[in-house]
Every structure is written in C-alpha cells, then in structure tokens.
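The values are calculated or read from the model by the stated rules, or taken from the named source; none is laboratory data. None of these values were measured; they are calculated from a predicted model. Note that each Cβ is placed from the backbone with ideal geometry, even for glycine, and that neighbours are counted across all protein chains shown.
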Amino acid sequence: MAGHATNEIDGATLWGGKVSPFSASYGKLMMWFFLVSDALTFGGLLVAYGFSRYAFDGMWPIGEETFEALPFLGNGFPLAYVALMTFILIVSSVTMVLAVEAGHRMDKKGVVKWMLATIVGGFFFLGSQAWEWSHFIHGTEFGRVALSDGSSAVVKGEFGKIKSFTVIEAGHHAHGMVAGDEITNENIDASEVDLMHAFQHAASAGHLHGTADDLTITLHDGTKAKVNKEADKNLELLIKEAGSKYSVSLPSDVSTRLSGEEAIAEYYEALAHGNVIYGANLEQNEYGPKQYGQFFFFITGFHGFHVFSGVIINILIFVGVLRGIYHKRGHYEMVEKTGLYWHFVDLVWVFVFTFFYLI
Amino acid sequence: MERDDVIEYSLDTHHSEEQGKKIRKKIWMVTLLLTIVTAVEVALGAMVKQGSDAWFTVKILFILLTLLKAGYIVLTFMHLGDERKVLKWVVLLPYAIFIIYFMFIAFTEGSAVALAM
C-alpha cells in the first residue's frame, strides 16, 4: 500500500481509510480471502483422500467400476452420470458469468434472465446429487461378497430377475397361505417391501440357503420358501482383497476376474452364509474400505452443502436484482460477488470429478 | 470526498455493449473448451483401464487437463486474470506452495503406510 497517495484511483473504489488495496473493493477482496480459505478446506479433504488411496492401494474402489449406472437405464455406463453432473455445473457457471457480464452493462433484464438460469441449474445439480447418493446408499443388486477363502469381491453382471417365492412352510403371518402357494410382488407382506428387498435382507441376515439353482429363503415371519429366480448373466467376481486362494484382480486384465461356473458357485455360497454387504453407510460399504464411503459422503456432501448454500445466496441476490436495489446503486457488484462463490463451487467440483471419480 | 460505504466499487469494470459482445464470445469459447475437455476425460476414463501400460500417461494427462479447466474457470469466469497482477499472485501462490507441499507429505506417508500394512 506504500505510495498510495500518488495512485489515481476513482473515489468510489476507496475504502474507509481512503486507500484501496489491490484496487479491489472491500467486499470483493474479502470474498477472495474467504474462497482461498475454503479452497484450503477442500484441498485438505482431497489430499486426505489421496493419503488413504495410497495407503489402501489395490483395495481402493475404481471410479469407472463403482459409478456406472444411469437413472432408468441401469448399469454399464461408466462415469456417464458424473459427467452429466459436471456438465450441468459448468453450464450453470457459464450462465452466472453471463449474468455478471450483463450487470457490467447495467442490463437488468439480462441479469434477471441469466441468474434465473443459474438457480435452475443449481437445483438440477442438487437433484442429480440426491439420486447419486440414493444409488450409492442402496447399492447394487449383487452387493459385495466375502468368499470362502477369506478374500472379498465386488460383483459385475446382470442380476437374474426374482419371479416369485414358492411357500414350503407357511409362517405365522402368511395371510392364509399354504405350502405350494406363490408369493409375488403383489401379495408379499408389506414388511418385506418386495421380492428384491426380501431377498437382499435374507441374504445379509444369513437366511438364504442352498445353491444358485436351488435357493430357499426364510422370511421375517418364519415362512420358508423356494426362490424362483432367473439365472444371472455374465456374473464376474472382481477380487478386491486377496484370500488364501484368490489374489486381487487387476482392472486392466479381465482374465484375473472370476467368471463362469466357479464365480456362480462362490457367489451363492457366500450368499448362503450371509457374507454379503449391500449399499453403503458410515460403518461399511460394498465398494471398498469403509474410509471410501466416509470420504464419499463427506467430500461430495460438503460440496453439495456449498452448492445448496450457493443456490440460497443466488436466490437472495436474485430478489435484490428484481427489486432494482443494485440498479439504483449504480452497479451490480453483489451479483459479481455471489458469482465468485458460485464459480468456486464449480471449480471444486472439477477437482472432485478428477480425483474422486476419474483417477 | 464524501461517499456512502455501500457504493464502493471500481467503476472501470463497467463496459459498453460493444465490449460486452467480445466478452460474451470469449465466455462461449471457454464453455466449448470446458465441455470438450470433460468429454475427452470421460472417454479416456472408459477406454484406458487403471493399471494398464498407458494408465500412467493418462493419469498425468487427467491432472493437466484438470489444471487447464481450473485455470480457465479462475482466470476467465472469476475474472482473476483481469484483476491487478499482485492480487492474482496473492491468491494463487501461497495456495499452490502449501498444497504441493501437503500433497508431497501425504502421499509419501500414505505409501509408507501401504508398505507397513
């Protein structure tokens, strides 16, 4: 700030002490300082993620194997959904910068139009993230299994549809069903939700018995039934933790995966022993070490919280624009400052995308 | 001079309709670039498997493309490139020094933990 007395800066930019560090207004400079500190938080989180990733090495899940589902379309689209989310956020960043540009021309209509688009984009991103979290928490149809030799594996393939359960021995809440009756999605007890839920619940509780072709299930009420299920297609086991028999599968070499009869036998043996995890919570998850789930929830959650607060701040400023507050003031600096925050949220996502999903 | 504290703003950031046209064109060019880079990243991620021979090169490429995207967002969208040079470096340099140091420490330590396990 030395020599400020000789600097010719327009009076409107000067701070209370009649100087203007970096020729920036007070509000904008403080926003930059805040963003640097916030970037340190996210940087710290991502570096901690990197630490765990290095420490766990081959056990760590791989983005394109974990995130490959699309709404309504099922599996087999590696990273497509995250790429869509990235695109949504980039576009909303673009509409924000267009709002700032319109503000510089004192074009109120333009600011209104582009800020509205930014807010809509923000809601789209939040909605996408809600789906992503829901999918991550509920998990896949196969889950992750611990095999007989002590290794553990994630499962790829097409899960054969469960058609019905044939009652072998009715339980105490069987709605008058007797042996030989069919339990379907229509008449299953409400506490089981549907056949798939009943199946997964029984599998993780150790209430499934038998082999792939001859599975029996015990439901909540004690009903014993035969599972009528189509055969799984292309079932493959990707070993993530080595056991006494199987070693870790390499992502780059398909032949290191377990497939065919052996995979089916191992998978259903694990199910029959209750050695399966579906989905994710803070204690365990089907994708990898528990730290993986924790980092997923914390990093994407913390970022999502930033997006949410960004949308709220954008709405507040948007109301200000509509009421003409900034137009009367003679400049749209408030739009520029909320814009800085919004772009920062996009910036963080660019890094999360690369380091959490791609690498 | 007398002034209202609310109205503290660098007036030189206002621009005309004509300048605006140029700026908007630049914004759309950057949008196109960011979209293409993201598409390339996803395509590469789907084609090159982790652990294959090409993976190391692709990983480095991912990091470089990410820094490219980040650069365009910070310098163009956040207008840091249009601020005074000294502000630009006050924001970028301390952060870069700290994070590079932090990454070095954490990844070295992480590899050591992996060896010990």
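Structure above, values below:
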item	result
Some residue of the stretch A:36-55 being closer than 17 Å to A:Val248 by Cα, modelled with pLDDT under 85, assigned to a helix (DSSP H, G or I) and of a type outside the set (A, V, I, L, M, F, W, C)	no
Extreme residue, modelled with the lowest pLDDT, among residues of the stretch B:13-54 that are farther than 26 Å from A:Ser92 by Cα and within 7 Å of chain A (Cβ to nearest Cβ)	B:Gly51
Qualifying residue in the stretch A:299-309 (condition: over 20 Å from A:Tyr357 (Cβ atoms) and in a helix (DSSP H, G or I))	yes
Scan of the stretch A:149-172 for residues that are out of contact with any strand residue (DSSP E or B) (no Cβ under 7 Å at 6 or more places or on another chain) and surrounded by 16 or more Cβ atoms within 10 Å (Cβ to Cβ), ordered by number	A:Phe159, A:Ala170, A:Gly171
Number of positions in the stretch A:53-106 that are within 13 Å of the chain's Cα centre (by Cα) and of a type in the set (Phe, Trp, Tyr)	2
Single residue of A:Gly150, A:Gly176, A:Gly206 found to be among the small types (Gly, Ala, Ser) and free of Cβ contacts under 8 Å to residues at least 12 places away in the same chain	A:Gly176
Index of the failed condition, A:Lys163 passing every other in (1) among the charged types (D, E, K, R); (2) in contact (Cβ under 8 Å) with a residue 60 or more places away in the chain; (3) assigned to a loop (DSSP other than H, G, I, E, B)	(3)
Cβ-Cβ under 7 Å pairs, at least 6 apart or on other chains, the stretch A:328-341 side facing chain B (nearest Cβ under 10 Å), far side assigned to a loop (DSSP other than H, G, I, E, B)	A:Arg329/B:Val6; A:Arg329/B:Ile7; A:Gly330/B:Ile7; A:His331/B:Tyr9; A:Glu333/A:Ser25; A:Glu333/B:Tyr9; A:Leu340/B:Met78
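Yes or no, residue by residue, for (1) at pLDDT 90 or above; (2) outside any helix (DSSP H, G or I); (3) more than 25 Å from A:Glu241 (Cα to Cα):
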| position | (1), (2), (3) |
| --- | --- |
| A:Thr86 | yes, no, yes |
| A:Glu101 | yes, no, yes |
| A:Met106 | yes, yes, yes |
| A:Lys109 | yes, no, yes |
| A:Lys113 | yes, no, yes |
| A:Ile119 | yes, no, yes |
| A:Phe125 | yes, no, yes |
| A:Trp131 | yes, no, yes |
| A:Phe136 | yes, no, no |
